[in-house]
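Have a look at the structure below before the remarks.
The values are calculated or read from the model by the stated rules, or taken from the named source; none is laboratory data. If you're wondering where the values come from, they're calculated on a predicted model, not measured in any experiment. Cβ atoms come from the backbone with ideal geometry, glycine included; neighbour counts cover every protein chain shown. Note: accessible area is taken over every heavy atom of the protein model, side chains too, but ligands, DNA and RNA are not part of it. Shrake-Rupley method; radii C 1.70, N 1.55, O 1.52, S 1.80 Å.
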Amino acid sequence: YSSRPAEQLAAAKSVAWRGRGELYQLPYAVSPGLWLLIDLWSGFGGAVFAAIMLGMRVVVLSAEFDPEAASRAHKSFPNIVHIERVEEVNGCVVQSVIQKRRFRGVIAGGGSPCQPNTSLNMGRRGLHDERALQPFELVRVIAEIRGLPEVKEQRLPVLGWLENTASSPPEVVSAYSEALQAIPLEMDAANYGWIGR
């Protein structure tokens, strides 16, 4: 374990858009204050885009294995602190920034690999494919953060979310729902003006 991401995160500024052109913003009724966003399986930073577009102030820890995607996210949001693997995200990485800053809350989540679950994959194996076990890393991350003394002392809310394909096998949906103690919600991007996804 390297303390470098923890040190970078403790010194990080809130993220601002530095990409090309204007970023469309639709401010939502978000509680005031600064949030810690842990963007797992980040890709090019979709959760960061969403947070900024909603008017949130966020310090961001991004976990993304693909160097090209991580590079593109960093170009658009230079203050993102990057870590390569979701497995490297833990309570120790975020503890010092929670000690140093006064956050309104912590949001952890992302869109885990869908290839094991999607009906578009004729050879899908669901939970028998190790990539389908990635959401259990989210459960671990949330539990570790909730267990930090600073989080308990500050009564800091730690919220989690997971995005995956709606065509997942029922046993996968059930396992993810049980692990996250949540009820799945099906949404289609086409309802919001983008292509169906």
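Being farther than 30 Å from residue 131 by Cβ and of a type outside the set (Gly, Ala, Ser) holds for only one residue in 85, 57, 4, and it is 57.
Only one entry in 50, 12, 108 is open to solvent by 20 Å² or more (accessible area, probe 1.4 Å), out of contact with any His (no Cβ under 9 Å at 6 or more places or on another chain) and of a type in the set (A, V, I, L, M, F, W, C), namely 50. Name, by its number, the condition in (1) aliphatic (A, V, I, L, M); (2) open to solvent by 10 Å² or more (accessible area, probe 1.4 Å); (3) in contact (Cβ under 8 Å) with a residue 12 or more places away in the chain that does not hold for residue 38. Every listed condition holds for residue 38 apart from (2).
Flag not set for residue 48, criterion: within 18 Å of residue 140 (Cα to Cα) and either acidic (Asp, Glu) or part of a helix (DSSP H, G or I) (or both). Of all the listed residues (147, 126, 91, 110), the sole one being at positive phi and out of contact with any Pro (no Cβ under 8 Å at 6 or more places or on another chain) is 110. Looking at residue 60, is it of a type in the set (A, V, I, L, M) and part of a helix (DSSP H, G or I)? No, not satisfied.
Of everything in the stretch 68-80, what is more than 15 Å from residue 18 (Cα to Cα) and either modelled with pLDDT under 95 or buried (at least 24 other Cβ atoms within 10 Å of the Cβ) (or both)? Give them in sequence order.
Scanning the stretch 68-80 gives no hits.
Residues of the stretch 95-134 that are in a loop (DSSP other than H, G, I, E, B), within 17 Å of the chain's Cα centre (by Cα) and within 16 Å of residue 38 (Cβ to Cβ): 112, 134. The set of residues in the stretch 111-132 that are charged (D, E, K, R) and open to solvent by 30 Å² or more (accessible area, probe 1.4 Å) comprises 124, 125, 130, 131.
Out of everything in the stretch 157-186 that is in contact with a helix residue (DSSP H, G or I) (Cβ under 7 Å, 6 or more places away or on another chain) and of a type in the set (A, V, I, L, M), what residue ends up being nearest to residue 100 (Cα to Cα)? Of everything passing the filter in the stretch 157-186, 158 is nearest to residue 100 (Cα to Cα).
The set of residues in the stretch 137-151 that are exposed (fewer than 14 other Cβ atoms within 10 Å of the Cβ) and assigned to a helix (DSSP H, G or I) comprises 143, 149.
Selection of first residues in the stretch 66-78 that are assigned to a helix (DSSP H, G or I) and of second residues that are among the charged types (D, E, K, R) and surrounded by 14 or more Cβ atoms within 10 Å (Cβ to Cβ), restricted to Cβ pairs under 6 Å at least 6 apart or on distinct chains, gives the following pairs, ordered by first then second residue: 70/64. Across the stretch 152-192, the number of residues qualifying as part of a helix (DSSP H, G or I) and either at pLDDT below 95 or open to solvent by 40 Å² or more (accessible area, probe 1.4 Å) (or both) comes to 13.
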